[in-house]
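Take a look at the structure below.
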Amino acid sequence: MLIADHQSIAIAHAVEEGFAKIPKRLPSWLFYDEAGDKIFQKIMRMPEYYLTGCEYEILNTQKENLRQHFTGDGSIFDLIEFGAGDGLKTEILLRHFSEQHTSFQYMPVDISSSVLDQLTERLLGAVPSLSIQPVNKPYDEAIVSIQERDHNRKVYLFLGANIGNFIPADAEHFIATIAASMEPGDQLLIGFDLKKDPRLVQAAYDDPHGITRDFNLNLLARLNRELGADFQRDQFTHYPYYDPETGMTKSYLVSMNDQDVHIEALHKTIHFKRWEIIHTEVSQKYDVAMIEKLAARTGLEITQYYYDRKYYFTDVLFRK
Ligand code: AVI
């Protein structure tokens, strides 16, 4: 028996809409259920997935520079983070800022209250003096409500190359939404994965351990669990493709046979032709020209690029 709670209604809706498209697609937020979160932790520990190590390096080497930028005139600031995940990377900054007696409050934003509860508990264990105010809302609503809550200066964080999971037009729209709410002096730090040797990018999404394959296929397992679907995971194959011209990695699940899949919650049977694709994710890689264009089009100024030693990744500080 399927329980039609708020979350499963949203999932059913997204799946119905996605499978009506040509080519079929599923939104990448569907990756992150409990099983998907665990597989993503494994991805972040793989040597092929260079992104995490690069950003750790940047935050570790630049934490004092960032603190000085964020602190500005010394007045208290709100450190607002979208998509904090397990918070391990942000902890580098939070720990350092607390040790330096920096005056700030940390506001992680997520639509999942359980993600926020776990994050809060973990961070308070790691940094007991942290002032943390979780915001349990979709990103756009959170931006408005935080604005109304206090008049502190705002520093927004969007780390981990999460911006890459938007197609460029949507990335611009998201940054423009934040920029519209920023006052002069407010800042925004975004993590961008950079264009590089195409083989390295390809390997990050097509690892030899099969971990990213499991991450992608978990989508189908999730639909089986939550929507009563009868996908056979071994009838689909994981196929990521990096295009060095556009900088876009697209991930697909490809149907290896002609097959019908029944989805109980939708009262529908979906047909997949042999070699038909389901497009499941975009991971956009950037270059400096693309980042400058984003800044120009959203009315932001670039204060600083922070790079890792290999120039694989950059955390870019913007201000209004
Ligand atoms: C969360 N996001 C930035 C990851 C990425 O690189 O696009 C998700 C991911 N998908 C496959 N591997 C990692």
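The values are calculated or read from the model by the stated rules, or taken from the named source; none is laboratory data. Only a predicted model underlies this, so the values are computations on that prediction, with no experimental measurement involved. Ideal geometry is used to build each Cβ from the backbone, glycine not excepted, and the neighbour counts take in all protein chains shown. Keep in mind that these areas ignore ligands, DNA and RNA; they rest on the heavy atoms of the full protein, side chains included. Shrake-Rupley method; radii C 1.70, N 1.55, O 1.52, S 1.80 Å.
Below, the figures for the structure above:
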| item | result |
| --- | --- |
| Subset of the range 80-136 [of a type in the set (V, I, T), within 16 Å of the ligand (Cβ to nearest atom) and in a loop (DSSP other than H, G, I, E, B)] | I111 |
| Residues of the range 140-174 that turn out to be part of a helix (DSSP H, G or I), within 16 Å of the ligand (Cβ to nearest atom) and either open to solvent by less than 10 Å² (accessible area, probe 1.4 Å) or hydroxyl-bearing (S, T, Y) (or both), as a count | 3 |
| Check on Q62, surrounded by 18 or more Cβ atoms within 10 Å (Cβ to Cβ) and either away from the ligand (no atom under 16 Å from the Cβ) or more than 27 Å from I211 (Cα to Cα) (or both) | yes |
| Residue that is farthest from D308 (Cα to Cα) [pool: residues in the range 191-220 that are open to solvent by 60 Å² or more (accessible area, probe 1.4 Å) and not in a loop (DSSP other than H, G, I, E, B)] | R213 |
| Residue list for the range 213-242, filter: within 13 Å of the ligand (Cβ to nearest atom) and in contact with a strand residue (DSSP E or B) (Cβ under 7 Å, 6 or more places away or on another chain) | R213, N216, L217, L219, H238, Y239, P240, Y241, Y242 |
| Residue under evaluation E292, criteria (1) in contact (Cβ under 8 Å) with a residue 24 or more places away in the chain; (2) open to solvent by 40 Å² or more (accessible area, probe 1.4 Å); (3) within 17 Å of K195 (Cβ to Cβ), criterion not met | (1) |
| Residues that are hydrophobic (A, V, I, L, M, F, W, C) and either surrounded by 13 or more Cβ atoms within 10 Å (Cβ to Cβ) or in contact with a Lys or Arg (Cβ under 8 Å, 6 or more places away or on another chain) (or both), drawn from the range 10-28 | A10, I11, A12, A14, V15, F19, L26 |
| Single unsatisfied condition, T280 versus (1) out of contact with any Lys or Arg (no Cβ under 6 Å at 6 or more places or on another chain); (2) within 30 Å of A179 (Cα to Cα); (3) surrounded by fewer than 21 Cβ atoms within 10 Å (Cβ to Cβ) | (3) |
| Test set (1) modelled with pLDDT under 95; (2) open to solvent by less than 50 Å² (accessible area, probe 1.4 Å); (3) farther than 18 Å from L217 by Cβ - Q7 fails condition number | (2) |
| Qualifying position, being touching a residue at least 40 places away in the same chain (Cβ under 8 Å), of a type outside the set (D, E) and either closer than 18 Å to G185 by Cβ or surrounded by fewer than 20 Cβ atoms within 10 Å (Cβ to Cβ) (or both), among I111, I92, I80 | I80 |
| Residues satisfying the stated conditions in the range 258-298, i.e. over 30 Å from I175 (Cα atoms) and among the basic types (K, R) | K268, K273, R274 |
